[in-house]
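Visitor: Before we start, here is the structure in question, set down as structure tokens.
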Amino acid sequence: MSEFQFITSNHPLKEVENPYIEFLSINEAIKKGVVLPDMLTDDEDLDRDEKILMNVESEEQLDEIEIKRDLYYDVANVEAYSSKPHVVELRWRYTDARAEQLVEYITDHLKTADEVEIWKVWVDEQTEPSVQSIKLDALTIDALRFLGADGFERPQCLRVTIS
């Protein structure tokens, strides 16, 4: 089983790209001094100018916040918990600095919406969730720590409202 984190709302949610990820072509990677496996450099069928290689300066940068409408897991894992029509997947590794970015994201979203739900569930295993509600002015990184907690007891949701 896998953990799945997502955000739902009655209003469209913005996507967020990881700013550290860049895609390179084989030729660009070679110019940058990236050591590539022979299977890439020797394959004559590959377009050497197509940007197919993901590149970051450090492995830690792969864990930055990404918020995507394109869900990795089946939408049934969302529909089992939330009826809100707009859904994005939250892809990241929790740190306090990234949680602060998520607080800013939610605050910005609630300028046009009156509620948002942040979910942490276990894929394909629907059980009774723990749902907590707070007002936006009470939203801190402490309220989001459940997203970074190790282990899994039951699905959890933080509902954030503007009033």
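Visitor: Counting only protein heavy atoms and using a 1.4 Å probe, what share of the accessible area of the chain belongs to carbon plus sulfur, as a whole percent?
Guide: Ligands and nucleic acids excluded, carbon and sulfur reach 46 percent.
Visitor: Continuing with this model, one more query. For the chain, what is the calculated [θ] at 222 nm in deg cm²/dmol (nearest 500), taking -39500 (n - 2.57) for each run of four or more DSSP H residues and dividing by its residue count?
Guide: -4500 deg cm²/dmol
Visitor: Using a 1.4 angstrom probe, figure out how much accessible area region 1-46 has per residue, in square angstrom, rounded to the nearest whole.
Guide: 65
Visitor: May I pose another question? Give the separation of the Cα centroids, region 1-50 to region 65-96, in Å.
Guide: Their Cα centres are 20 Å away from one another.
Visitor: Just to confirm the number: angle between the C-alpha axis of helix 96-109 and the first principal axis of the chain, 0 to 90 degrees, nearest 10?
Guide: The answer is roughly 70 degrees.
Visitor: Right, next: Each label point is 7 Å from the Cα along the Cα-to-Cβ direction; what then is the distance between the points at residue 40 and residue 114, in nm?
Guide: Each label point is offset 7 Å from its Cα along the Cβ direction, giving 5.1 nm.
Visitor: Taking Cα pairs under 8 Å and at least six residues apart, what relative contact order does the chain come out at, in percent?
Guide: Normalised by residue count, the contact order of the chain is 31 percent.
Visitor: Find the relative contact order for region 63-108 and round it to a whole percent, using C-alpha pairs within less than 8 Å whose residues are 6+ positions apart.
Guide: 51
Visitor: Quick one: putting +1 on the C-beta of Lys and Arg, -1 on the C-beta of Asp and Glu, what dipole do you get for region 1-118 around its Cα centre, in Debye to the nearest 20?
Guide: Once rounded to the nearest 20, the dipole reads 440 debye.
Visitor: Given points 7 Å out from each Cα along the Cα-Cβ axis, report the residue 76 to residue 104 separation in nanometres with one decimal.
Guide: For residue 76 paired with residue 104, the spin-label model returns 3.9 nm.
Visitor: Show me the chymotrypsin sites (Phe, Trp or Tyr not before Pro) within region 1-77 that DSSP assigns to loop and that have at most 16 other Cβ atoms within 10 Å of their Cβ.
Guide: Numbers: sites: 4, 6, 20, 23, 72, 73; in loops: 20, 72, 73.
Taking region 1-77 and a limit of 16 other Cβ atoms within 10 Å, the loop chymotrypsin sites (Phe, Trp or Tyr not before Pro) found are 20, 72, 73.
Visitor: Given a Förster distance of 22 Å, report the FRET efficiency between residue 96 and residue 57 from their Cβ-Cβ distance, rounded to the nearest 0.05.
Guide: Approximately 0.55, to the nearest 0.05.
Visitor: Can I ask one more? What does the charge count near residue 125 come to, summing +1 for each Lys or Arg and -1 for each Asp or Glu among other residues with Cβ under 13 Å from its Cβ? Before the final figure, lay out the partial values.
Guide: Working: positive: 120, 154; negative: 3, 74, 124, 128, 153.
Combined, the nearby Lys, Arg, Asp and Glu give -3.
Visitor: If the cut-off is 16 Å between C-alpha atoms, which lysines fall inside it for residue 111, apart from same-chain ones fewer than 8 positions away?
Guide: Filter leaves 14, 135.
Visitor: A further question follows. Excluding residues on the same chain fewer than 8 positions from residue 32, give the lysines whose Cα lies under 16 Å from its Cα.
Guide: The qualifying lysines are 51.
Visitor: Under a GNM of the chain (C-alpha, springs under 10 Å), which listed residue has the highest mean-square fluctuation: 34, 78, 88?
Guide: Among 34, 78, 88, the largest GNM mean-square fluctuation belongs to 34.
The values are calculated or read from the model by the stated rules, or taken from the named source; none is laboratory data. Predicted, not measured: the structure shown is a model, and the values here were computed from it. Using ideal geometry, Cβ is built from the backbone for each residue, glycine included, and neighbour counts are taken over all protein chains shown. Note: accessible area is taken over every heavy atom of the protein model, side chains too, but ligands, DNA and RNA are not part of it. Shrake-Rupley method; radii C 1.70, N 1.55, O 1.52, S 1.80 Å.
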